[in-house]
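Engineer: For reference, the structure I am asking about is given below.
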Amino acid sequence: MLKILRFGLLFVAVLLVGGILYAPYLDSYDPGGTATLKGLSAPVRVVRDEKGMPFIFAETPIDAIRGQGFVAAQDRLFQMEMMRKLGWGRLAEMVGEAGVALDTQVRVWNIPALARRQAGMLNAVERAWHEAYAEGVNAYLAEREGELPRLVSNAQPWTLEDVLAVQFFNIWGSTTNWREELLSQALIDHLGAAQAAKLSQITVNPDSAEGSYTASDYRYLLADLELQADVELSPADGNGSNAWITGSTRSRGGAPIVASDPHIDARRLPGFWHPMGLITPEFRVVGGGTPGVPGIGIGRTNHFAWGVTNGYGDVVDLYVETVDPANPDNYLEGEASIPFVVREEVLRIRDSEAEGGFREETLTIRETRRGPVISDHGMSVASGKLVSLRWAIPEFIGDSMGMRDMLLAKNTRQMLAAAGQLAVSLTYVVADYQGNIARKGTGYIPRRLRGDGAAPFPVTDGVDNWDGRIPGDEMPTVLNPAEDWVGSANHRIVPEDYPHTYSTFFAHSWRYRRLLEAMTAKSTWGTEDHWQLQLDAKNMYAVRLAPLMAAAIVDNEDTRIMGELLQSWNYVDDKEQAAPLVFQSMLRHYARRVVEDDLGEKLAGKYLNDYYYWHERIAAITLAENSEWLDDQRTDAIETREDLFLLAAGDALAELSPTQGADPRNWKWGDIHTITFSHPILRGDAMAQWFGGGTHPMSGSGETLNRAAYKYDDPYEVTFFASMRMVADLSDPDKIEAHIPGGTTDRLFHDQFKDQLPDWITGTPNYWWFSNQAINEHAVSELMLTP
């Protein structure tokens, strides 16, 4: 028996060693050689550096895009196939029941039909641009069939509509405001409009006088509107980003420096971004592309550099519709009875128990003149009333997607004009070699005549509450400010006198306040300063609240140590410190105690899960010592702010002591505040250790520039963070400083699947080469694509 056991262990060991040694060959591909790409006007050369980052040299922009399609498929085909399934609402075909909810939303919003319609509207140049990308993808599928990723089988050729569907899915994914409308309605149902307005989101523009606090008062709602909050809300995702520029007079090299770090959930390796270079006689651009999409999303050209954040411009309105009581197939607009438009969508769902391995589910989707009735499909808080959704994107699409014109722009003003065509709501920061710097909002934001988009608008007549969209040249713009710097942290960027209703939902102001503080303290910046600011973990929310917390708990023997930790804290969410954990845990429990007695446990959970919605409001209630919300209505006593802080400290002790120990001085933020990187399919901590990037402690929080946000109902696992860090110094002709939390390729066993992750974890910049000389000096392979 002992011999058998020894033999078995030896056999397993041999398998493991053999697997480790052979693994790099399981999913390899040839980065060199030659391949045919029909449609090229001249050969295209693809050079890769030591990171595997491709640089595509072509004679024309359209040839560069063909080459990009080929290289994207070579590096990220599995990811692209996932994105194509998502764009068409066919994820359930891959993952089964887990994909039904997302597929349902995509089909209800009708993204596939939008992609088809846009394909028919593109002008000839835009159509050729997008078709060229698909041609490149298809050339790779045909030319390198033998090296396709192991996780991809039977990949079908890509079409123009596929490329557009991926883009519209990405645009849809950045659109969150409709969830906040449902939350607002839930608060109104529970409290009434007047009281709900006292808990509505406060948005802040710190650049305006005294911070310019703004919140909706729901004044446009009908007094007798009553909906019931009895359906689960999916929380907003907390997407965000930082982007800023120091101008020529404030940059050490005498030319602007652009910093950008987009925040999304990029825990699935190899990451969201695909770094590359596109080099032609007409433009040179190096930066982060998106698999499945032609062009570059963030980067630097030979004329300018740019960064981007989610703009949170409100491109969606919800409406409360009324069914005609005399005819349930119709809805009412005042006295007019109008038939619903009805369409059906069939979901194909992977199911091992179904015949053939799949089952089908039919969605019956009713539509009003405003859009689909989402309350029929779980996206609602309504009971007995209908909620429809109106998305501005389908109404205002034109003959161009905008990216091509952006990349061909020669200066900041041309780039801003091109960005005005973009459908997606983003905030761009742009700098050119002439020293111009700017910040501009983009997107198809409707010009609202009635309502502010904060809660569903009640339909009482046939009058449209939209009047077209805000023109591109009227979007919020800052050009060459006297301070010679611009920035965005997803905060409200509209000035107080802005004439349009842009949005009622933005990120909290804490990250931008830290940016303001840093820019005020330092006059001249180098790339290393920008890099350190991206890694900065000072919490401006804690600057305001932690002293109040400390004062309330330091004299109580049970919580004295926690109070002392907060008193001595430098407000930096350092993974090695205990104070950040004390603050974050107390904040969670304190916020719950502020609202739970008024909202009830279920609705309070929904409120607190919407991260941006409550942050400024809770701060305002706390700083004003607003007894209306601080007093717990469930007790006979009259609670104060200090009472709730003390109770929250006790909650924090009860939460953390069993796992972190009884003495808070021994706690560490990074022991519990962690991030886990895994393969998109092989998830879970164990799988992440073997086949992913493992679990790591993180500094920062949701309130810091070094973003490391977690969900309220799932503390303290990091979900939103810098999916890329980039610093582009226009005085440096050779390189961009940047990195991503992953690698070049999505091939599981490839050396470059996650090789850049260690530098991301330590905050060490990599180099994305920009000049021909630098690219050629670091070239390790060359692929020739021939007509």
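The values are calculated or read from the model by the stated rules, or taken from the named source; none is laboratory data. These numbers were taken from a predicted model, which means no experiment stands behind them. In this analysis, Cβ positions are derived from the backbone assuming ideal geometry, glycine residues included, and neighbour counts consider all displayed protein chains. Note: accessible area is taken over every heavy atom of the protein model, side chains too, but ligands, DNA and RNA are not part of it. Shrake-Rupley method; radii C 1.70, N 1.55, O 1.52, S 1.80 Å.
Engineer: For a quick check of your reading of the model, give me the residue pairs whose first member lies in region 618-630 and is in contact (Cβ under 8 Å) with a residue 12 or more places away in the chain and open to solvent by 10 Å² or more (accessible area, probe 1.4 Å), whose second is part of a helix (DSSP H, G or I) and of a type in the set (Lys, Arg), with beta-carbon atoms closer than 6 Å and at least 6 apart or on different chains.
Structural biologist: The qualifying pairs are GLU625/ARG641.
Engineer: Give me the residue from region 139-151 that is part of a helix (DSSP H, G or I) and in contact (Cβ under 8 Å) with a residue 24 or more places away in the chain and, out of that set, most open to solvent (accessible area, probe 1.4 Å).
Structural biologist: Taking region 139-151 first, the residues part of a helix (DSSP H, G or I) are 139-143, 145-147.
In the following step, the residues that additionally are in contact (Cβ under 8 Å) with a residue 24 or more places away in the chain were identified as 139-141, 143, 147.
Values: ALA139: 14, TYR140: 0, LEU141: 23, GLU143: 86, GLU147: 27 Å².
Taking the candidates together, the pick is GLU143.
Engineer: Need a quick list: strands (runs of 3 or more DSSP E) entirely within region 669-787 having at least 2 residues that are open to solvent by 10 Å² or more (accessible area, probe 1.4 Å) and on the phi < 0 side of the Ramachandran plot. Please lay out each step first, then the result.
Structural biologist: Working: elements: 674-677, 694-697, 708-711, 714-722, 725-729, 735-739, 766-769, 781-786.
Once the strands (runs of 3 or more DSSP E) in region 669-787 are filtered for at least 2 residues that are open to solvent by 10 Å² or more (accessible area, probe 1.4 Å) and on the phi < 0 side of the Ramachandran plot, what remains is 674-677, 694-697, 708-711, 714-722, 735-739, 766-769, 781-786.
Engineer: Could you check PRO495 against (1) touching a residue at least 60 places away in the same chain (Cβ under 8 Å); (2) open to solvent by less than 30 Å² (accessible area, probe 1.4 Å); (3) closer than 30 Å to LYS440 by Cβ; (4) not aromatic (Phe, Trp, Tyr) and say which number it fails?
Structural biologist: Only one criterion in (1) touching a residue at least 60 places away in the same chain (Cβ under 8 Å); (2) open to solvent by less than 30 Å² (accessible area, probe 1.4 Å); (3) closer than 30 Å to LYS440 by Cβ; (4) not aromatic (Phe, Trp, Tyr) is unmet by PRO495, namely (2).
Engineer: Let me ask something additional. Within the group MET687, MET698, which residue is at pLDDT below 95 and aliphatic (A, V, I, L, M)?
Structural biologist: Working: MET698 fails: at pLDDT below 95.
The match here is MET687.
Engineer: Here is a follow-up. Quick one: in region 190-201, which of the residues that are closer than 21 Å to ASP314 by Cβ and part of a helix (DSSP H, G or I) is least open to solvent (accessible area, probe 1.4 Å)?
Structural biologist: As a first pass, look at region 190-201 and keep what is closer than 21 Å to ASP314 by Cβ: 193, 196-197, 199-201.
Filter once more, so that each one left must be part of a helix (DSSP H, G or I): 193, 196-197.
Numbers: ALA193: 35, ALA196: 0, ALA197: 19 Å².
Applying the filter and picking the extreme gives ALA196.
Engineer: Can I ask one more? With the requirement that a residue be touching a strand residue (DSSP E or B) at 6+ places or on another chain (Cβ under 7 Å) and either over 30 Å from GLU344 (Cα atoms) or surrounded by 24 or more Cβ atoms within 10 Å (Cβ to Cβ) (or both), what does region 67-93 give you?
Structural biologist: Correct list: GLY67, GLN68, PHE70, VAL71, ALA72, ASP75, ARG76, ALA92.
Engineer: Residue check: is ARG592 among the basic types (Lys, Arg), free of Cβ contacts under 8 Å to residues at least 60 places away in the same chain and surrounded by fewer than 18 Cβ atoms within 10 Å (Cβ to Cβ)?
Structural biologist: Numbers: among the basic types (Lys, Arg): yes; free of Cβ contacts under 8 Å to residues at least 60 places away in the same chain: yes; surrounded by fewer than 18 Cβ atoms within 10 Å (Cβ to Cβ): no.
Spelling it out, it is not the case that ARG592 is among the basic types (Lys, Arg), free of Cβ contacts under 8 Å to residues at least 60 places away in the same chain and surrounded by fewer than 18 Cβ atoms within 10 Å (Cβ to Cβ).
Engineer: Sticking with this structure for a sec: Taking region 94-133, which residues are over 17 Å from PRO394 (Cβ atoms), more than 25 Å from the chain's Cα centre (by Cα) and open to solvent by 20 Å² or more (accessible area, probe 1.4 Å)? Explain how you work it out, then say what you get.
Structural biologist: The initial filter retains those residues of region 94-133 that are over 17 Å from PRO394 (Cβ atoms), namely 94-104, 123-133.
The next check asks that each one be more than 25 Å from the chain's Cα centre (by Cα); those that pass are 123-129, 131-132.
Matches in region 94-133: ASN123, ALA124, VAL125, ARG127, ALA128, GLU131.
Engineer: Tell me, please, whether a residue that is open to solvent by less than 30 Å² (accessible area, probe 1.4 Å), in contact with a Phe, Trp or Tyr (Cβ under 7 Å, 6 or more places away or on another chain) and more than 27 Å from GLN105 (Cα to Cα) can be found in region 415-423.
Structural biologist: If we filter region 415-423 for residues that are open to solvent by less than 30 Å² (accessible area, probe 1.4 Å), which is where we start, we get 415-416, 418-420, 422-423.
Pick out the ones that are also in contact with a Phe, Trp or Tyr (Cβ under 7 Å, 6 or more places away or on another chain) and you get 415, 419, 423.
Then drop every residue that is not more than 27 Å from GLN105 (Cα to Cα), which leaves 415, 419.
There is at least one residue in region 415-423 that is open to solvent by less than 30 Å² (accessible area, probe 1.4 Å), in contact with a Phe, Trp or Tyr (Cβ under 7 Å, 6 or more places away or on another chain) and more than 27 Å from GLN105 (Cα to Cα).
Engineer: With respect to GLY289, is the statement that it is closer than 25 Å to ASP729 by Cα, at pLDDT below 95, in contact with a His (Cβ under 7 Å, 6 or more places away or on another chain) and open to solvent by less than 20 Å² (accessible area, probe 1.4 Å) true?
Structural biologist: On the way: closer than 25 Å to ASP729 by Cα: yes; at pLDDT below 95: no; in contact with a His (Cβ under 7 Å, 6 or more places away or on another chain): yes; open to solvent by less than 20 Å² (accessible area, probe 1.4 Å): yes.
The answer is no for GLY289.
For every residue, the table says whether it meets (1) of a type outside the set (S, T, N, Q); (2) more than 28 Å from the chain's Cα centre (by Cα); (3) buried (at least 22 other Cβ atoms within 10 Å of the Cβ).
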| position | (1), (2), (3) |
| --- | --- |
| GLU564 | yes, yes, no |
| LYS575 | yes, no, no |
| GLY600 | yes, yes, no |
| ALA604 | yes, no, no |
| TYR613 | yes, no, yes |
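Each row is one residue, and each column tells you yes or no for (1) free of Cβ contacts under 8 Å to residues at least 40 places away in the same chain; (2) of a type in the set (A, V, I, L, M).
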{"residue": "THR527", "(1), (2)": "no, no"}
{"residue": "ASP536", "(1), (2)": "no, no"}
{"residue": "PRO547", "(1), (2)": "yes, no"}
{"residue": "VAL554", "(1), (2)": "yes, yes"}
